[in-house]
């Protein structure tokens, strides 16, 4: 029977603060990966990195194979320079799937080959004193925004002199706020809050010194926002994988910013029935506040793993994020509940395909 383990909320919040401070749009994740590796080293958890830079860590159990995995991603939304414009500004395209509506007004950093520049993403018609009502009438799309670099640049040649090139990565400021009410407001909670929660759950298991029945691989992927995610990070003996990501409280959805949201299906179809209901049972047995939901416009690391040909059972557990892929908000209570569920899952006896195969002496 899994033991209830205390979750170090101070550690969880500190880890989330640190991760949010590290720019990591898909394609620019090395610093965030190094940070997570440092957290794993401090917990004395063995890990390796894939050729692409994803992380595979391992918590040993009495059974070594087949085993299970928990996965979160450290990459975030962002943008990329599409063109250097004659007016001294930059055309940009999104990294990941998000609306330019949430890019308008965003402070950001452009990473060049030789340095970095601060800037702001603005609508093409940004001055009300110049354009009047046309400010409100222009379309909302990525062709109608541009990046104003905070450097003297009035033409394409000035941008070239600054060393800015097509393809440079643009990281959008998270602007985090940790409120006394328990709410956390920031861009990129998807999925840095998930990664911090996974690390907090792992710390709880390590600190308690509990014995796990099955090896549990802790995975951190670096390309979930562009769809490939866990496609090539899995160990071949993984029989089931629980993905940690954000849920979506909104009209017509059953997710909340409190408790754990268990996703029953996303846009790729239903999640594994046995594994999902095992997680629901753990919530009931450990009095973890939870709810179920179905997501229509959503895919996660589980989909990438299945589409890559991995023969595994998958499930998705979520912390509720209001205004996902925009100005996001969650609550520390949801992260704590999720961490409690993950510790219970890692301690739970194997079911289904996880037939007992003891570790060789």
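Read-outs: derived from the displayed coordinates by stated rules, not from any lab. Quick caveat, the model's predicted, so the values are computed rather than measured. Cβ atoms come from the backbone with ideal geometry, glycine included; neighbour counts cover every protein chain shown.
Based on the Cβ-Cβ distance from residue 17 to residue 143, what FRET efficiency comes out when R0 is 30 Å, to the nearest 0.05?
Calculated transfer efficiency: 0.30.
So, by mean Cβ neighbours within 10 angstrom, what's the order for 228-237, 99-108 with the highest one leading?
228-237, 99-108
What residue among 123, 251, 350 has the largest mean-square fluctuation in a Gaussian network model of the chain, using Cα springs under 10 Å?
251
For residue 166 and residue 9, what is the calculated FRET efficiency with R₀ set at 30 Å and r taken between the beta-carbons, to the nearest 0.05?
Efficiency, rounded to the nearest 0.05: 0.10.
What ranking, highest mean first, results for peptides 328-334, 142-148 when packing means the other Cβ atoms within 10 Å averaged over each residue?
Ranked by mean Cβ neighbours within 10 Å, highest first: 328-334, 142-148.
Rounded to the nearest 500, what is the 222 nm mean residue ellipticity of the chain from helices alone, with -39500 (n - 2.57) per DSSP H run of 4+ residues and division by all residues?
That calculation yields -8000 deg cm²/dmol at 222 nm.
Taking 7 Å along the Cα-to-C-beta vector as the label spot, tell me the residue 207-residue 281 distance in nanometres, rounded to one decimal.
2.9 nm
Which whole-number percent gives the relative contact order of the stretch 79-172, counting Cα pairs below 8 Å spaced six or more residues apart? Intermediate results must be reported in sequence, preceding the final value.
Values: 184 pairs, mean separation 41.4, N = 94.
Here the relative contact order equals 44 percent.
If you restrict to DSSP beta bridges whose two residues both lie in the chain, what percentage is antiparallel, to the nearest 5? Present the calculation step by step, with values, prior to reporting the outcome.
Details: 44 of 71 bridges.
Just about 60 percent of them are antiparallel.
What label, among [x] 35, 21, 19; [y] 39, 21, 18; [z] 29, 24, 22, belongs to semi-axes √(5λ) of the Cα gyration tensor in Å computed from the structure on display?
[y]
Can you give me the relative contact order of the chain as a percent, contacts being Cα pairs under 8 Å and 6 or more apart?
25 percent
Pop a pseudo-label 7 angstrom from the Cα along the beta-carbon direction at both residue 173 and residue 136 and give the gap in nm to one decimal.
Here the answer is 2.7 nm between the modelled labels.
Highest mean first, what order results for 3-16, 336-349 on Cβ atoms within 10 Å? Mind dumping the intermediate values first?
Numbers: 3-16: 16.9, 336-349: 24.0.
For the peptides 3-16, 336-349, the packing ranking is 336-349, 3-16.
Efficiency by 1/(1 + (r/R0)^6): what FRET value for residue 253 and residue 101, r their Cβ-Cβ distance, R0 = 22 Å, to the nearest 0.05?
Approximately 0.65, to the nearest 0.05.
Rounded to two decimal places and with Rh computed the Kirkwood way over Cα pairs, what is Rg over Rh for the stretch 79-172?
Rounded to two decimals, Rg/Rh equals 0.96.
State the extension gain, in nm to one decimal, for the chain segment bounded by residue 85 and residue 181, taking 0.36 nm per residue of separation less the distance between their alpha-carbons.
Values: separation 96, 0.36 × 96 = 34.56 nm, distance 4.45 nm.
Once the chain is fully extended between residue 85 and residue 181, it gains 30.1 nm.
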